[in-house]
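Q: Okay, here's the structure, questions in a sec.
The values are calculated or read from the model by the stated rules, or taken from the named source; none is laboratory data. All values reported here derive from a predicted model rather than from experimental measurement. In this analysis, Cβ positions are derived from the backbone assuming ideal geometry, glycine residues included, and neighbour counts consider all displayed protein chains.
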Amino acid sequence: MDDPRPRSPEDVTPAASPDDATARRDHLLVERALAGELGAFNQLVEAYQDLCHSLVARMVPDPDQASDAVQEAFFSAYRNLRSYHGPSFRGWLTRIAINAAMDLQRARKRRPVSPYPELDDESWQPPAGSDSDPETIATTGERQRVLVAAMGAIAADQRTAIVLYDVEGYDYSEIAAMTGVSLGTVKSRIHRGRLALRALLADRMELFRS
Amino acid sequence: MGHVPDHTPVAAAIEHAALIAALDAGDLAGIERDRAATLVGTCTGCASLLADLAVLRAATAALPAVPRTRDYRLTDADVARLRPPAWGRLVGWLGAPRSKVRPLAGGLAALGIAGLLLSTTPGFFGQAAMTLSTTGAPVVAPGDAGGAGAAREVSPQLSTAPTTQAVPGAIPGPKAVPVPSPAAAGVPAPTAPPSAGVLTGPAAAATPGSSGFSSDAGATDLATKAAPPEASQAERNAALTPASEPATPDRTLLLVLSLALLAAGIGLFVANRVLRHRAQA
């Protein structure tokens, strides 16, 4: 009598996950875009522009430059769409966006600009959370402002590693592959970056402890 | 000069901070982890650092998404601007992993190699040269003692052409078909066997100016006219030589074509490989 249980993991056909559906949709859109349908590519842009902007805006302190980097990333993706061969369009596009941000940061090193101009604008407030308590909103806003300012002040490679790990949730090996450095270098950048943040915020730590 | 370990308080503080940061990230194991835990337990600064790092890590992860201020969808103008030029499209086609460049390169290279083999194989062109040299054999007037012998001295090809009969088994080429010259249109065919396709011997030379049954014979007539009777034998031979050369351009043409095809095939293959590597990088 045959054993009904699967003998190996390969025997198990995984159920279709939302990720699979997304990947299939992306694949179809890429095929249509390659056939010359601009609307299909713009559907991909609509799906991922928030993600790319959020990622790059954390890596590139200047908002205008961040927007330029994201636009350049989508241009680059369109130009090089034939070189995409899966499996994840999101991963492929994220890597392009990170490269665009890193290129911009390297250029910014040569021509430094004032980071985070919104910090000079007293009317600027970060987006409010679910708490509507004015004191909580003010504290949260101040905490985010000083943290974002400190993030803009640390080294670009450390900031990139921290954003990818802490904010975007990638693991060490993914970050190593995306940034083209070793696993040890990724860890070292994250450790040093956090220590640098703590040194910059040493006088404001009570904001975070409360 | 060897590396001298730094035991200053500053260096120790930096090392301890790195250890605490690694502990906070969960990247330590074994002895290192025990050492960091001991530090945290015995040093208030270390414990404070560990707590601060944890708080900052949580605050960083909780940072809100930066609102998007621009629509990044591409317009038709963007697409027109981004469209690569003709050479860019060519480079893209050459470097495309799934293009037909590799089969094309392989086919061209194979054709080139085949052509090279044919052009350098002695038997292939040797047979053709034999036929051509046979049809282009000089015609020597009767009584011109040593004429055949002198013709043999001109070139090895000429020396293989008998003056009295065709080579057994020689394939009659296009030039071997007897074509009456205008001057000889009304003259009956000479005694030479038409199946041999070669006009030789005294019958051909007996009637200068009207004995040409082939273009080669005509060429021989011209050569004979070009070299006056009183000219030396060497001059005559020099005038006769061009009649037996048509084999060389054919071989050279095939050789050049084969080399060009081989170079094109190899070039396409190398371009495809280089551009694909560059695209992957």
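Q: Tally the residues that are small (Gly, Ala, Ser) and buried (at least 18 other Cβ atoms within 10 Å of the Cβ), restricting the search to segment A:156-176. Spell out how you get there, then give the answer.
A: First, pick out the residues of segment A:156-176 that are small (Gly, Ala, Ser): A:156, A:161, A:169, A:173, A:176.
After this cut, where a residue has to be buried (at least 18 other Cβ atoms within 10 Å of the Cβ) as well, the list is A:156, A:161, A:176.
Matching residues across segment A:156-176 total 3.
Q: If you scan segment B:12-37, which residues turn out to be more than 15 Å from A:Ala199 (Cβ to Cβ) and within 14 Å of chain A (Cβ to nearest Cβ)? Let's see the steps before the verdict.
A: Within segment B:12-37, the first condition is being more than 15 Å from A:Ala199 (Cβ to Cβ), and the residues that meet it are B:12, B:15, B:19, B:22-23, B:25-37.
Passing the criteria: B:Glu15, B:Leu19, B:Ala22, B:Leu23, B:Ala25, B:Gly26, B:Asp27, B:Leu28, B:Ala29, B:Glu32, B:Ala36.
Q: Further question: Identify, please: which residue in segment A:168-196 is among the hydrophobic types (A, V, I, L, M, F, W, C) and facing another protein chain (nearest Cβ under 9 Å) and is, among those, farthest from B:Ala17 (Cα to Cα)?
A: For segment A:168-196, the residue satisfying everything is A:Ile190.
Q: Tell me the residue from A:Gln158, A:Gln105 that is touching a helix residue (DSSP H, G or I) at 6+ places or on another chain (Cβ under 9 Å), more than 11 Å from chain B (Cβ to nearest Cβ) and at pLDDT 90 or above, please.
A: So the residue among A:Gln158, A:Gln105 that is touching a helix residue (DSSP H, G or I) at 6+ places or on another chain (Cβ under 9 Å), more than 11 Å from chain B (Cβ to nearest Cβ) and at pLDDT 90 or above is A:Gln158.
Q: Okay, next question. Which pairs do you get when a residue that is at negative phi, found in segment B:254-278, comes within reach of a residue that is among the β-branched types (Val, Ile, Thr), reach meaning Cβ atoms under 8 angstrom, with the pair 6+ apart or on two chains?
A: From segment B:254-278, the pairs are B:Leu255/B:Thr120; B:Ser258/B:Ile113; B:Leu262/B:Ile113; B:Leu268/B:Val101; B:Phe269/B:Val101; B:Ala271/B:Val101; B:Asn272/B:Val101; B:Leu275/B:Val91.
Q: Restricting to segment A:177-192, count the residues that are surrounded by fewer than 17 Cβ atoms within 10 Å (Cβ to Cβ), modelled with pLDDT of 90 or more and within 14 Å of A:Ile98 (Cβ to Cβ). Steps first, answer last, please.
A: Our first condition is that a residue be surrounded by fewer than 17 Cβ atoms within 10 Å (Cβ to Cβ); within segment A:177-192, this holds for A:177, A:180-185.
Then keep just the ones that are modelled with pLDDT of 90 or more; that gives A:181-185.
Okay, now just the ones that are also within 14 Å of A:Ile98 (Cβ to Cβ), so A:181.
Total meeting the criteria: 1.
Q: Of the conditions (1) under 19 Å from the mean Cα position of the chain (by Cα); (2) closer than 24 Å to A:Val70 by Cα; (3) charged (D, E, K, R), B:Arg102 clears all except one; give me its number.
A: Every listed condition holds for B:Arg102 apart from (2).
Q: Can you find even one residue in segment B:51-63 that is closer than 26 Å to A:Glu72 by Cβ and either outside any helix (DSSP H, G or I) or more than 7 Å from chain A (Cβ to nearest Cβ) (or both)?
A: There is at least one residue in segment B:51-63 that is closer than 26 Å to A:Glu72 by Cβ and either outside any helix (DSSP H, G or I) or more than 7 Å from chain A (Cβ to nearest Cβ) (or both).
Q: At the interface with another protein chain (Cβ under 10 Å from one of its Cβ atoms) and either in contact with a strand residue (DSSP E or B) (Cβ under 6 Å, 6 or more places away or on another chain) or over 30 Å from A:Val148 (Cα atoms) (or both), is that true of B:Gly88?
A: yes
Q: Only one of these conditions is not met by A:Leu195: (1) over 17 Å from the mean Cα position of the chain (by Cα); (2) of a type in the set (A, V, I, L, M, F, W, C); (3) surrounded by fewer than 18 Cβ atoms within 10 Å (Cβ to Cβ). Which number is it?
A: (3)
Q: With respect to the numbered conditions (1) touching a residue at least 40 places away in the same chain (Cβ under 8 Å); (2) outside any loop (DSSP other than H, G, I, E, B); (3) more than 8 Å from every other protein chain (Cβ to nearest Cβ), which one is the sole condition not fulfilled by A:Arg82?
A: (3)
Q: Next question. Given (1) under 15 Å from A:Met59 (Cβ atoms); (2) surrounded by fewer than 19 Cβ atoms within 10 Å (Cβ to Cβ); (3) under 16 Å from the mean Cα position of the chain (by Cα), identify the lone condition not met by A:Ala153.
A: (3)
Q: Kindly indicate which of B:Val40, B:Val66 is facing chain A (nearest Cβ under 10 Å) and closer than 30 Å to A:Glu142 by Cβ.
A: B:Val66
Q: Is it the case that A:Pro63 is within 11 Å of chain B (Cβ to nearest Cβ) and modelled with pLDDT under 90?
A: Criteria met by A:Pro63.
Q: Can you spot a residue in segment B:40-48 that is at pLDDT below 90, part of a loop (DSSP other than H, G, I, E, B) and either touching a strand residue (DSSP E or B) at 6+ places or on another chain (Cβ under 9 Å) or not aromatic (Phe, Trp, Tyr) (or both)?
A: yes
Q: Could you look through segment A:17-74, keep only residues that are of a type in the set (Val, Ile, Thr) and over 23 Å from A:Ala149 (Cβ atoms), and pick out the one that is nearest to the chain's Cα centre (by Cα)?
A: Checked segment A:17-74; the qualifying residue nearest to the chain's Cα centre (by Cα) is A:Val45.
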